[in-house]
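Below is one structure, written out as structure tokens, with a few remarks after it.
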Amino acid sequence: MNVMILGASGFLGSHLCNFLKIKNTILRCGRNKNNDIVLKKIDQKKFSKILKKYTPDVIINLIALTNVDLCEKKRKKAEKINSGIVKTISQSVNQSKLTKKIFLLQISTDQVYSGEGPHKENSVKPINAYAATKLSGEKYIKK
């Protein structure tokens, strides 16, 4: 299986690549030269070309601005990364004219719930800007 990992150079991405490469072909995508595809910025036209060229079976998106304090201070940046990039990826996948379907996995957060759990999936109440922007990104994936 061809697995594209966006955010492959981060902590989770590097571990996930090592684990999945045992039985899959991994395409590492990230901002530095250690990746198969260097993506400094994701726009729909560029990402659509990448999908057409590499035709992944699965895309795992790990790209996120996870610094909670920074998300509070720089809300627009958090929205761009945690929501906007997810929207671009989702639209590119949905509009791709590939002969096969691509499974898109978005890594999210439990911070969309307040108080102690267990929680119901549809009972969300984001507790900070980080959680609100991640939840917004999830809505694009659901479409």
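The values are calculated or read from the model by the stated rules, or taken from the named source; none is laboratory data. Please read these numbers as outputs of a predicted model, since none were measured by experiment. Glycine gets a Cβ as well: all are built from the backbone with ideal geometry, and neighbour counts include every protein chain shown.
Quickly run through the stretch 15-27 and pick out the residues that are over 21 Å from S90 (Cα atoms) and either among the aromatic types (F, W, Y) or touching a helix residue (DSSP H, G or I) at 6+ places or on another chain (Cβ under 6 Å) (or both). Selection gives F19 alone. Residues that are touching a helix residue (DSSP H, G or I) at 6+ places or on another chain (Cβ under 7 Å) and surrounded by fewer than 14 Cβ atoms within 10 Å (Cβ to Cβ) within the stretch 52-74 comprise just one, E72. Could you please let me know if L51 is part of a strand (DSSP E or B), under 15 Å from the mean Cα position of the chain (by Cα), at negative phi and among the aliphatic types (A, V, I, L, M)? It is false that L51 is part of a strand (DSSP E or B), under 15 Å from the mean Cα position of the chain (by Cα), at negative phi and among the aliphatic types (A, V, I, L, M).
Annotation: of all residues in the stretch 99-113 being modelled with pLDDT under 90, of a type outside the set (S, T, Y) and surrounded by 13 or more Cβ atoms within 10 Å (Cβ to Cβ), the one that is nearest to L6 (Cα to Cα) is I107. For the stretch 59-80, filtering for residues that are under 21 Å from A8 (Cβ atoms) and either in a loop (DSSP other than H, G, I, E, B) or modelled with pLDDT under 95 (or both) leaves 6.
Among all residues of the stretch 28-35, there is none that is farther than 22 Å from Q95 by Cα, in contact with a strand residue (DSSP E or B) (Cβ under 6 Å, 6 or more places away or on another chain), in a strand (DSSP E or B) and touching a residue at least 24 places away in the same chain (Cβ under 8 Å).
For I42, are the conditions met, namely being in contact (Cβ under 8 Å) with a residue 40 or more places away in the chain, closer than 16 Å to L105 by Cα and either of a type outside the set (S, T, Y) or assigned to a loop (DSSP other than H, G, I, E, B) (or both)? No: the conditions fail for I42.
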